[in-house]
Each structure stands twice: as structure tokens, then as C-alpha cells.
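Working notes, structure below.
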Amino acid sequence: YDGGSPTYEAFMDLSPDEQRKILSYMNSFFIYDEISANGKSFFMAHTVPEKERMQVFDKLMWQEFIVGEPEYEKEYFPDKFIVTGHTPTGFIDPKYKGKIWHGNNHIAIDCGAVFGNPLGCICLDTLEEFYVE
């Protein structure tokens, strides 16, 4: 319902060499990354599992960073921001439909573009928000 079938079909229409190049490129991606910007620490992932699972980090499975369900009402780390997509912000709090959500040292940037909302972006140096309709 959000583009998976057309994407898959277009991929299957590519030559085997083009498919290998795309897969090689995608295999170079990190499941998550930790960076610093302007003195702040950020843990960036598509999504994260619930807080209790993040506390036993060495036992996490990579899939938990693809389909995990964050607990937005909990602060995971007192000294680090978590930045995720995955869940449209309007599902976290209806007041944030189409806007970046901040709370509990978590920044959720999926503004729900798949539903016609703006695409949100945040500058980690300044925390300034940008939107594209």
C-alpha cells in the first residue's frame, strides 16, 4: 500500500548487473549510526525496539531496527538523542501530524509523507526543521 509492489516490480525489471549494483549499495548501509553534532550525541536508526530491549544492546537482532516499536513516552538515554523514522508522527501525537516530533530525548522525523504530509528534515547541528510539500 505504500509502494512496495511497484518498487519490487521495477527492481525485477532491471538487468542482473543493475540489481547487483543496487544490492551492493544497499548492503553498505548501516543498520544504525551514532554521531555527534554541535556537542550533542545522536543514535540514528530507522526505528528502535522498546526501551527494555535497548538496555541489552548486545542481544538485539538487526530486525529490531527495521520493525521495532519505540516507546516514545520513555527516555532511553539521558545524554543522547534517538532519531528515528518508521512511525508517522501523527500516530505518536495527532498534534504532530506532518511535523517532526520531539520528546524524551527522541526526535521522530517520519512526518507521514506516504499519506500526503510534508517530508521533514532536521539539521542536527542546530535542530532547525525543514519541510518539503
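Data for the structure
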| quantity | calculated |
| --- | --- |
| Residue 109 being in contact with a Ser or Thr (Cβ under 9 Å, 6 or more places away or on another chain), aliphatic (A, V, I, L, M), under 24 Å from residue 40 (Cα atoms) and open to solvent by less than 30 Å² (accessible area, probe 1.4 Å) | no |
| Residue 117 vs. criteria open to solvent by less than 40 Å² (accessible area, probe 1.4 Å) and of a type outside the set (A, V, I, L, M) | yes |
| The stretch 89-106: number of residues that are assigned to a loop (DSSP other than H, G, I, E, B), touching a Gly at 6+ places or on another chain (Cβ under 9 Å) and open to solvent by 20 Å² or more (accessible area, probe 1.4 Å) | 3 |
| Selection count where residues are surrounded by 13 or more Cβ atoms within 10 Å (Cβ to Cβ) and β-branched (Val, Ile, Thr), scope the stretch 32-54 | 2 |
| Selection within the stretch 72-91 - over 19 Å from residue 52 (Cα atoms) and among the hydrophobic types (A, V, I, L, M, F, W, C) | 91 |
| Elements of type helices (runs of 4 or more DSSP H) in the stretch 1-70, at least 1 residues being of a type in the set (A, V, I, L, M), over 28 Å from residue 81 (Cα atoms) and free of Cβ contacts under 8 Å to residues at least 12 places away in the same chain | 4-12, 16-27 |
| Verdict on residue 110 being part of a loop (DSSP other than H, G, I, E, B), modelled with pLDDT of 95 or more and closer than 19 Å to residue 36 by Cα | no |
| Search result, residues across the stretch 55-69 that are loosely packed, with under 15 Cβ neighbours inside 10 Å and closer than 21 Å to residue 109 by Cα | 62, 63, 66, 67, 69 |
| In the stretch 113-133, the residues that are closer than 26 Å to residue 54 by Cβ and assigned to a strand (DSSP E or B) | 120, 121, 122, 129 |
| Lone unmet requirement of (1) of a type outside the set (A, V, I, L, M, F, W, C); (2) part of a loop (DSSP other than H, G, I, E, B); (3) under 25 Å from residue 131 (Cα atoms); (4) open to solvent by 60 Å² or more (accessible area, probe 1.4 Å) for residue 78 | (3) |
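Condition check ((1) of a type in the set (Phe, Trp, Tyr); (2) modelled with pLDDT of 95 or more) across all residues:
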| site | (1), (2) |
| --- | --- |
| 74 | no, yes |
| 79 | no, yes |
| 87 | no, yes |
| 96 | yes, yes |
| 100 | no, yes |
| 103 | no, yes |
| 115 | yes, no |
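The values are calculated or read from the model by the stated rules, or taken from the named source; none is laboratory data. A quick note: this is a predicted structure, and the numbers were derived from the prediction, not measured. Cβ sites come from the backbone with ideal geometry, for glycine too, and all protein chains shown count toward neighbours. The protein model used for the area step is the full one, side chains on, heavy atoms only, and it has no ligands, DNA or RNA in it. Shrake-Rupley method; radii C 1.70, N 1.55, O 1.52, S 1.80 Å.
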